[in-house]
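Engineer: The structure follows.
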Amino acid sequence: MRVALGVSGGVAAYKAAELVRRLQQEGIDVQVVMTRSAQEFITPLTFAALTGQKVITEMFGNESGAANVQSAIEHIAVAQRIDLLVVAPATANVIAKMARGIADDFLTTLYLATTAHVVVAPAMNVNMWEHTATQENIEALRARGVHVVPPEEGYLACGMTGAGRLASVEAIAKAVCGQLGIRHDLENETVLVTAGPTCEDVDPVRYLTNRSSGKMGYALAEAASRRGARVVLISGPARLDPPQGVEFVSVRSAQQMHRAVLEHLSRATAVIMAAAVADYRPVAPQVKKMKRGNGRVTLELESTPDILADIARGKGDRIIVGFAAETDHVAEHARAKLESKQADMIVANDVTAEGAGFDHDTNIITLYSRDGSEKAFPRMPKIDAAHRILDRVLELRRAGRQLPAAQPAR
């Protein structure tokens, strides 16, 4: 996860160094952006030493001080690669500029250029904080979806007492993690996720597969890891990098995936079968490449192992989640699969819908649960869909299911 930390000019600027360290403990990569006023309270060198990255202090100009094309559009590059912008401390001046759309330095320009989540932690004199103008600006930001971490009450640097002191580093870090979906509500879970397609060889050159990219499964693994779970990701061939911190197992065929799932099943408290496992494979794969002939070729197929059904039969207290990628009668097929596979939940989507098919970065899902409940969600990024699925897994857990006894890794 990448976060831009905007530091504006206030006495509390020194606390931003503590915030950098706290965010790094969550595995977050921090890019620091400082206003000119902030540099009166703490030096860029401090943040450069903490982050190992260049600290951005000017709208234009590179390290040599000369402006070039790269520096002129750097705010756009930063805006596109971050997952969140946090401004801490945020002075009354910076808050006012953000609220009114004034972009006269790198930080305020970055705010307008990014579509990422934004968190603001104000810090200022109590009278400035309580002024009508500041409160109106804060409400304007909130109305746009900016998350505000209110200042605390206490003794202020100016000698006055009241609201205006920067919120604690822990409170700001909690807000950042919450906006990024980094939670710790899955700390007691070991989540096994399958992802991607499987490939069933016809001969040494050809194979049967499907259009799955693995993006949904990888998003689930990333989301579960962010929330504190131990994650085992078993993936068929996918052109994706495994999320950091997960145990990754690479497989190719349905038979290999079946074997890998059973091997790691004893450790899992929840299993999410997001892989698009091939239903059939050639009965007799050819040892040598099949040569083209003039007539028709008949390929005899047999069923592959039904991984979801196999693990559901002996699931014990595990939460078992299956997927149903459908092209018609989605609800009917999802409910039938929920019943026949004896899963706790089926995640269904219509792969013909815009923004919900294979290889998209978004999905449109409906969750069908054994208790008869159904939850439909609009189109959203797959990482957000992953969190909705995990939210429901937790609801099922809290509904009365106990964690199965932990098994040691083999």
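The values are calculated or read from the model by the stated rules, or taken from the named source; none is laboratory data. Small disclaimer: the values here were computed from a predicted structure and weren't measured. Counting neighbours? That spans all protein chains shown, and the Cβs are built from the backbone with ideal geometry, glycine included.
Engineer: For region 304-315: of the residues being assigned to a loop (DSSP other than H, G, I, E, B) and surrounded by 11 or more Cβ atoms within 10 Å (Cβ to Cβ), which is modelled with the lowest pLDDT?
Structural biologist: K315
Engineer: Just the residues that are among the charged types (D, E, K, R) and under 26 Å from Q256 (Cβ atoms), please, taken from region 277-334.
Structural biologist: D279, R281, K288, K289, E300, E302, D306, D310, R313, K315, R318, E326
Engineer: Of all residues in region 358-385, count the ones that are in contact (Cβ under 8 Å) with a residue 24 or more places away in the chain, part of a loop (DSSP other than H, G, I, E, B) and within 20 Å of the chain's Cα centre (by Cα).
Structural biologist: Number satisfying all stated conditions: 6.
Okay, residues lined up against (1) without any contact (Cβ under 8 Å) to a residue 24 or more places away in the chain; (2) closer than 24 Å to R81 by Cβ; (3) surrounded by fewer than 20 Cβ atoms within 10 Å (Cβ to Cβ); (4) of a type in the set (F, W, Y):
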{"residue": "A92", "(1), (2), (3), (4)": "no, no, no, no"}
{"residue": "M98", "(1), (2), (3), (4)": "no, yes, no, no"}
{"residue": "T108", "(1), (2), (3), (4)": "yes, yes, no, no"}
{"residue": "L112", "(1), (2), (3), (4)": "yes, yes, yes, no"}
{"residue": "V120", "(1), (2), (3), (4)": "no, yes, no, no"}
{"residue": "W129", "(1), (2), (3), (4)": "no, no, no, yes"}
{"residue": "I138", "(1), (2), (3), (4)": "no, no, no, no"}
{"residue": "G162", "(1), (2), (3), (4)": "no, no, yes, no"}
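Residue-wise test of (1) modelled with pLDDT of 95 or more; (2) over 18 Å from G214 (Cα atoms).
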site	(1), (2)
V297	no, yes
E302	yes, yes
V321	yes, no
T327	no, yes
V330	no, yes
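Engineer: Ok, one more. Before we move on, is V261 under 15 Å from S212 (Cβ atoms), assigned by TED's automatic domain parsing to the domain that holds A325, over 21 Å from the mean Cα position of the chain (by Cα) and modelled with pLDDT of 95 or more?
Structural biologist: No; evaluated as a whole, the condition is false for this residue.
Engineer: When both residues are 6+ apart or on different chains and their Cβ atoms are under 7 Å apart, which pairs have a first residue that lies in region 34-56 and is among the small types (G, A, S), and a second that is not in a helix (DSSP H, G or I)?
Structural biologist: Within 7 Å, the pairs are S37/S8; S37/G9; A38/V7; A38/S8; A38/G9; A48/K54; A48/V55.
Engineer: Can you name every residue in region 177-202 that is modelled with pLDDT under 95 and more than 18 Å from the chain's Cα centre (by Cα)?
Structural biologist: Correct list: N188 only.
Engineer: Among S250, S235, which is the only one that is closer than 22 Å to T304 by Cβ, crowded, with 23+ Cβ neighbours inside 10 Å and touching a residue at least 12 places away in the same chain (Cβ under 8 Å)?
Structural biologist: After applying the criteria, what remains is S235.
Engineer: Then there is this: Quick check on region 129-143. Is at least one of its residues at negative phi and either in the same structural domain as S303 (by TED's automatic domain parsing) or touching a Leu at 6+ places or on another chain (Cβ under 8 Å) (or both)?
Structural biologist: no
Engineer: Quick one: would you say G228 is surrounded by fewer than 24 Cβ atoms within 10 Å (Cβ to Cβ), in a loop (DSSP other than H, G, I, E, B), touching a Leu at 6+ places or on another chain (Cβ under 9 Å) and not assigned by TED's automatic domain parsing to the domain that holds I28?
Structural biologist: yes
Engineer: Report the residue count in region 192-209 for those that are outside any strand (DSSP E or B), farther than 16 Å from V347 by Cα and either in contact with a Ser or Thr (Cβ under 8 Å, 6 or more places away or on another chain) or aromatic (F, W, Y) (or both).
Structural biologist: Here the count works out to 3.
Engineer: Just give me the residues in region 81-115 being under 13 Å from I138 (Cα atoms) and assigned to a helix (DSSP H, G or I), in sequence order.
Structural biologist: Within region 81-115, A92, N93, V94, I95, A96, K97, M98, A99, R100 meet the criteria.
Engineer: Those residues that are of a type in the set (S, T, N, Q), crowded, with 16+ Cβ neighbours inside 10 Å, modelled with pLDDT of 80 or more and more than 13 Å from L107 (Cα to Cα), I need them from region 36-84; list them, please.
Structural biologist: Within region 36-84, T46, T51 meet the criteria.
Engineer: What is the number of the single condition among (1) part of a helix (DSSP H, G or I); (2) closer than 30 Å to R397 by Cβ that V271 does not meet?
Structural biologist: Against the list (1) part of a helix (DSSP H, G or I); (2) closer than 30 Å to R397 by Cβ, V271 comes up short only on (1).
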